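J.: Okay, handing you the structure first.
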Amino acid sequence: MTQCPVSGLSVTEKDHWSFEHRQGNYTRKYSLIGNDIIHVQELADHDITPEHLYAADFSSLVAEENLTGNPVFVLMDCAPVTGLEFSYKREFTNLLTAQEFALRLIVLYNIEPSVRLQFEMLQSLATDKLPVIIAGSYEEGVQAILDFKSGNVTGTKADAGTDQAFRNAFLGEVSRMIMLRQFDTQGMVPPENHASYPYFQILDLIRHDMKALEDEHQQNVERIEQEFRVLLASKNSLLDEQVEQGKKNEQRFREEESALLSRIATQEIEATRISTANAEKNAALRSLCEMIETLDLDPASREKVSTQCASLFETSDKAALVNTELTETDSVFLSRLQKKHPNLNQRELRISLMIKLDYHSRDIARSLGLSTRGIESIRYRLHKKIGLDKHNSLKTYLTNLAAESL
């Protein structure tokens, strides 16, 4: 641990208190003189124009050293700095006005002539609660802090009415307009016979114009915000209408779906009625043909009548069982199934044929306009009506029956 050559206080340095600047190719180094003076150095072998003050680093160091609430002083070495970016000046201004920790004094030293005016403009924003002193060297900077702490402070403000006082007032006016955007107040003004008076007149004109521009800008912002609110309300209203229309469409689709399902159910009932009527007519036709068989007719007439009857109640009915042309094998199978199980209706015969043809329940349901669960229920009833026990497969039974028909 080293000692400050001016104050004799110990100097604390830590590795993580040094930061490589990513863009400016320089290093910022912090150290603590005694327990309350933060020393900041910009280390570089070339001129630099810093973009940021990194005031948050001050707060971190204060917190790390448990200095929160205690008076803190900042000593800044500005040796390699030859220019300041606006973002740096804005952050310096924020440091003067925010007061995030108990900062009591800022001392700047080793300021190059090319950047001195910019630092003096920042100095003009200082207040009595947080003054800014510009010193020539490290030794002068440390001594200024020691004097400030002891209360032995020489005047940092120029005497009223002097050229330096008017210069400082001019810098303060400009800084407040640029950095704080304050256009309403006017500070010290020299007498009309003073050489700087015309400059203050020009500054006053600039302040009024900038105030007008600021007001115009604010009005434009408010107008744009109002237009945006109106546009947003319009879009929200349109969106609400679209959502409401979507709900109405959804309700209409549900109603149409319900109507279609109801219509399908009605048609299904009608189809069942027609199928039942056809079955009854076929049964009557079969009985009629059986009665004709018992009549005393010559063999040729009997054969002719029997053939005609068979074609009436078999061919048309078999073709109606599926929506495709029946093969001869299918017709034989249906005839045998109907004779063996006369209690099966037209739909059950049709489904039996499709099961025998290895149609999946899903495909059968799609062909007949029924649900897959409905087809499974019909298959279950077929299983019982045919008289199969639970260990026998309906598909196997129908396949074997078709084989017997060959």
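The values are calculated or read from the model by the stated rules, or taken from the named source; none is laboratory data. Just so it is clear, the model here is predicted, and its values are computed rather than measured. Heads up, the Cβs are rebuilt from the backbone with ideal geometry, glycines too, and the neighbour counts pull from every protein chain shown.
J.: Scan 373, 366, 379 and give me the residue that is basic (Lys, Arg) and surrounded by 15 or more Cβ atoms within 10 Å (Cβ to Cβ).
T.: Numbers: 373 fails: surrounded by 15 or more Cβ atoms within 10 Å (Cβ to Cβ); 366 fails: surrounded by 15 or more Cβ atoms within 10 Å (Cβ to Cβ).
Of the residues listed, the single one that is basic (Lys, Arg) and surrounded by 15 or more Cβ atoms within 10 Å (Cβ to Cβ) is 379.
J.: Which of the residues that make up the stretch 98-133 are β-branched (Val, Ile, Thr) and either within 46 Å of the chain's Cα centre (by Cα) or surrounded by fewer than 20 Cβ atoms within 10 Å (Cβ to Cβ) (or both)? Even if it seems obvious, please write down each step before you answer.
T.: Restricting attention to the stretch 98-133, the residues satisfying the condition of being β-branched (Val, Ile, Thr) are 106-107, 111, 115, 127, 132-133.
If the condition is that a residue be β-branched (Val, Ile, Thr) and either within 46 Å of the chain's Cα centre (by Cα) or surrounded by fewer than 20 Cβ atoms within 10 Å (Cβ to Cβ) (or both), then 106, 115, 127 are the ones that fit.
J.: When you look at residue 75, is it buried (at least 16 other Cβ atoms within 10 Å of the Cβ), in a loop (DSSP other than H, G, I, E, B) and touching a residue at least 12 places away in the same chain (Cβ under 8 Å), yes or no?
T.: On the way: buried (at least 16 other Cβ atoms within 10 Å of the Cβ): yes; in a loop (DSSP other than H, G, I, E, B): no; touching a residue at least 12 places away in the same chain (Cβ under 8 Å): yes.
In short, no.
J.: Pairs only if they're at least six apart or on different chains, beta carbon under 9 angstrom, first in the stretch 276-294 and at pLDDT 70 or above, second basic (Lys, Arg) and surrounded by 13 or more Cβ atoms within 10 Å (Cβ to Cβ); list them, first residue then second.
T.: Listed pairs, sorted by first residue: 292/302; 293/302.
J.: Right, something else. Only one residue in 12, 49, 2, 27 is in contact with a Phe, Trp or Tyr (Cβ under 9 Å, 6 or more places away or on another chain), farther than 14 Å from residue 77 by Cβ and among the β-branched types (Val, Ile, Thr). Which one?
T.: Details: 12 fails: in contact with a Phe, Trp or Tyr (Cβ under 9 Å, 6 or more places away or on another chain); 2 fails: in contact with a Phe, Trp or Tyr (Cβ under 9 Å, 6 or more places away or on another chain); 27 fails: farther than 14 Å from residue 77 by Cβ.
Unique residue meeting the criteria: 49.
J.: Okay, moving on. Within the stretch 1-31, count every residue that is exposed (fewer than 14 other Cβ atoms within 10 Å of the Cβ), among the hydrophobic types (A, V, I, L, M, F, W, C) and not in a loop (DSSP other than H, G, I, E, B). Walk me through it before giving the result.
T.: The initial filter retains those residues of the stretch 1-31 that are exposed (fewer than 14 other Cβ atoms within 10 Å of the Cβ), namely 1-3, 5, 8, 10, 13-16, 19-20, 22-23, 25, 27.
Narrowing further to those that are among the hydrophobic types (A, V, I, L, M, F, W, C): 1, 19.
Keeping just the survivors that are not in a loop (DSSP other than H, G, I, E, B) gives 19.
Within the stretch 1-31, residues that are exposed (fewer than 14 other Cβ atoms within 10 Å of the Cβ), among the hydrophobic types (A, V, I, L, M, F, W, C) and not in a loop (DSSP other than H, G, I, E, B) number 1.
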